[in-house]
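Q: The structure follows.
The values are calculated or read from the model by the stated rules, or taken from the named source; none is laboratory data. As the structure is a prediction and not an experimental result, all values here were calculated from the model. Ideal geometry is used to build each Cβ from the backbone, glycine not excepted, and the neighbour counts take in all protein chains shown.
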Amino acid sequence: MRFGIAFLGLGLVLLVACGGAAPESAPPTTVTPGVARGEAAPQDEARFASDVASPPPPKPQRQIDRDSDGTGDAKPPADLKKREVDKTVATNDAAGSGTQSTGTTSTTNNAVAVDSPHDAQMLIYTAHVTMSVYQVSPALDAIEGIARGMGGYLESRNDTQIQIRIPRARFDEALHKVEASGDVIHRDVSAQDVTDAYFDIEARLKNARAVRDRMQALLEKAAVKEAIDIQKELERVTGEIEVLEGKLKLLSNKIAYSTIEVSFQPRASAAVQLMPRLPFPWLGELGLPKLLNLESR
Amino acid sequence: MKTMKKLLFILLLVGCKPVDIKTAPGFLQLKEEGSYAYRATTPERVVVAVRVEDMEGDGSDDLSFWTRALTLQMRDGNGYALLETHDVQSLDGVKGRQLRFGHDEDGKPFSYWLTFFPTGKKLVLVEAGGMKPQFDAAASSVQWMIQSVRVR
């Protein structure tokens, strides 16, 4: 009996201790520049990992939905899916071992470190391909078909240019197919590392969300006069969250979907002029316009 | 004596002519005054023309050089699609190359063949082009005309 009471008492002490820890690590009630990163609760991290794993379609999000997951139609790239799993596992591990105070960020970083260096980077791949001007319309159709057939989509198209978005994991494959659809005059492929920018926005968003939660909690208890002030601040923070969420979704989409832009035209005159010019003026007269002009010689 | 003079005059004319090409049936040779040494057309405006450019110096008979130079000009400069490349030979045995291009003009596909023979002293260029359907129909005649070229 004594042991039972002692055990129950110990359990209560532990429960209070765990419950009381949360307010100590809670973020400040106002958003200030330079707020430390990675102070959000683990559940925020897990939820946010889901947001990242489901890059949105290119449409604005009008309403903040803290618990919304997979709001986009687009499928995540394989490496982001992996990151989601890693983050979730890491978060669960941290929660289970009671090491929340070490910060989710460090745990997440450990998870990322397990990935290969290439996967740990958030890269935006972009390819610009210049093709010769021959049977352009069928080629444009073919390229659009490549995008749709590989889980991508058409972003823009006109008479001489097309821009498609391809799931990152299939970027190389798509580029090869696109290049096979015509005579490639010039190709320019770039990878932009946005890892820092991504995690910076992510951390700012976590903090803003935490601030909003605290304000909502305060609002319920506040007097009328205080409530008005809190409400104003809440609106400001909510607006900031919307902006950050928009930026993050845009960035996630750019990472998840590589861009291939194809132009059917001669190389830009500036680029051609940079090439050494041969001392044969007649070279410029070659071609169909002069050959087929039978009226004037 | 008169016959001899006529013969000499004909030989002189032939000697002055920088290049010799036969006109295929269905083509009409045009009187040229511009940069073309020869030009002929079908009623459907499939045109075959010859240019002769004087060249001097070492390497002017380098087939690879002219292949690269003409390809750069047509593809990078003019946006033509290089579809095929063939080694050819003039009727008098000079080695040359044929670059077959495709190009859209006003959204319609055209064919353009550029055949060249570098002799060392001159570069003979045979251009042939037209709308793709019409050119395809006349392709064998165009090929016959190109094969009839004598550059020396």
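Q: Counting only residues that are under 25 Å from A:MET122 (Cβ atoms), charged (D, E, K, R) and free of Cβ contacts under 8 Å to residues at least 12 places away in the same chain, how many does segment A:145-184 have?
A: Matching residues across segment A:145-184 total 1.
Q: Next question, about the same structure. Considering B:GLU127, B:GLU105, which residue is touching a Phe, Trp or Tyr at 6+ places or on another chain (Cβ under 9 Å), acidic (Asp, Glu) and within 7 Å of chain A (Cβ to nearest Cβ)?
A: Working: B:GLU105 fails: touching a Phe, Trp or Tyr at 6+ places or on another chain (Cβ under 9 Å).
Exactly one residue qualifies, and that residue is B:GLU127.
Q: Report yes if A:ALA147 is within 27 Å of the chain's Cα centre (by Cα), at pLDDT 95 or above, buried (at least 19 other Cβ atoms within 10 Å of the Cβ) and not in a helix (DSSP H, G or I), otherwise no.
A: Taking the combined requirement at face value, the residue does not satisfy it.
Q: Can you tell me which residue in segment B:43-59 is farthest from the other protein chains (Cβ to nearest Cβ), limited to those that are touching a helix residue (DSSP H, G or I) at 6+ places or on another chain (Cβ under 9 Å) and in contact (Cβ under 8 Å) with a residue 60 or more places away in the chain?
A: At the first step, the residues of segment B:43-59 found to be touching a helix residue (DSSP H, G or I) at 6+ places or on another chain (Cβ under 9 Å) are B:44-49, B:51, B:53, B:59.
From the residues that got through so far, the ones that are in contact (Cβ under 8 Å) with a residue 60 or more places away in the chain too are B:44-49, B:51, B:53.
On the way: B:GLU44: 11, B:ARG45: 6, B:VAL46: 9, B:VAL47: 5, B:VAL48: 9, B:ALA49: 6, B:ARG51: 7, B:GLU53: 6 Å.
The residue in question is B:GLU44.
Q: Count, please, the residues in segment B:61-102 that happen to be at pLDDT 90 or above, more than 7 Å from chain A (Cβ to nearest Cβ), assigned to a loop (DSSP other than H, G, I, E, B) and surrounded by 14 or more Cβ atoms within 10 Å (Cβ to Cβ).
A: 3
Q: Find the helices (runs of 4 or more DSSP H) located wholly in segment A:182-297 whose residues include 2 or more that are at pLDDT 90 or above and of a type in the set (Val, Ile, Thr), and list them.
A: Numbers: elements: A:195-221, A:224-256, A:269-274, A:288-292.
Here the list reads A:195-221, A:224-256.
Q: Which residue pairs have Cβ atoms under 7 Å apart, sit 6 or more places apart or on different chains, and have a first residue in segment A:212-227 that is of a type in the set (Lys, Arg) and a second that is assigned to a helix (DSSP H, G or I) and surrounded by 13 or more Cβ atoms within 10 Å (Cβ to Cβ)?
A: Hits for this filter: A:ARG212/A:LEU234; A:ARG212/A:VAL237; A:ARG212/A:THR238; A:ARG212/A:ILE241.
Q: Which residues, taken from segment B:120-152, are surrounded by fewer than 16 Cβ atoms within 10 Å (Cβ to Cβ) and either among the hydroxyl-bearing types (Ser, Thr, Tyr) or not in a helix (DSSP H, G or I) (or both)?
A: B:GLY120, B:LYS121, B:SER140, B:SER148, B:ARG152
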